[in-house]
Amino acid sequence: MKPVAKSSSASNPLDADMHLRLEGIITPMAAMPGALLPILHAVQDAFGHVPPACVPLIANALNLSRAEVHGVISFYHDFRSTPPGRHVLKLCRAEACQARGARELEAQLVSRLGIGFHETTADGSITLEPVYCLGNCACAPTAMLDGTVHGRLSTERMASLLDSCGVKK
Ligand code: FES
């Protein structure tokens with residue numbers, strides 16, 4: 001494994017604290033087979049997103065190209081390159097949920113939040129993301145709010161979840 005190099009991204013540099021934290025994530029995992037995904041998950045857990053300035057450092061440590069790392073970040077819906085809102089709401093768009101009312105919930109969310117998927121409200125209260133099955137199909141439609149799964153959602157229950165996030169009515 002190569003040592004974690006200093007970030008050279010002038011547009012979005014990592015500060016010293018972030019660089020140290022990143023080094024602490026990458027160094028113990030870099031020699032693992034298939035280290036890229038666990039590292040990206042750990043970076044997102046630590047920072048709330050995968051800052052673009054991390055990409056060259058991760059690529060260098062794993063002997064990958066920046067394009068390869070960026071390609072993986074882009075491919076997986078779970079990774080985000082910008083900081084999320086204070087709450088993250090993931091609406092399941094897979095078949096079982098679609099068949100049981102997820103489209104109505106999607107319309108409700110787009111209308112009330114004024115944003116689409118992969119976007120954050122202007123006040124930073126909530127980020128809306130799609131997800132494709134949360135393993136809770138028997139209780140569809142399903143969403144996940146800040147890591148907690150909510151099943152059998154109606155528009156009324158979804159409205160309550162949004163209220164709990166401080167979203168304006
Ligand atoms: S399809 Fe939505 S939880 Fe499985």
Counted residues, region 83-131 - those being closer than 16 Å to Leu161 by Cβ, among the basic types (Lys, Arg) and within 15 Å of the ligand (Cβ to nearest atom): 1
Leu40, sole failed condition from (1) over 26 Å from Pro13 (Cβ atoms); (2) in contact with a Phe, Trp or Tyr (Cβ under 9 Å, 6 or more places away or on another chain); (3) open to solvent by less than 30 Å² (accessible area, probe 1.4 Å): (1)
Single residue of Ser160, Ser74, Ser125 found to be of a type in the set (S, T, N, Q) and in contact with a Ser or Thr (Cβ under 9 Å, 6 or more places away or on another chain): Ser74
Residue identified as modelled with pLDDT of 95 or more, within 16 Å of the ligand (Cβ to nearest atom) and surrounded by fewer than 18 Cβ atoms within 10 Å (Cβ to Cβ) among Thr155, Thr148: Thr148
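The values are calculated or read from the model by the stated rules, or taken from the named source; none is laboratory data. It should be emphasised that the depicted structure is a prediction, and the values quoted were computed from it without experimental measurement. Cβ atoms come from the backbone with ideal geometry, glycine included; neighbour counts cover every protein chain shown. SASA here: full protein model, heavy atoms, side chains in, ligands and nucleic acids out. Shrake-Rupley method; radii C 1.70, N 1.55, O 1.52, S 1.80 Å.
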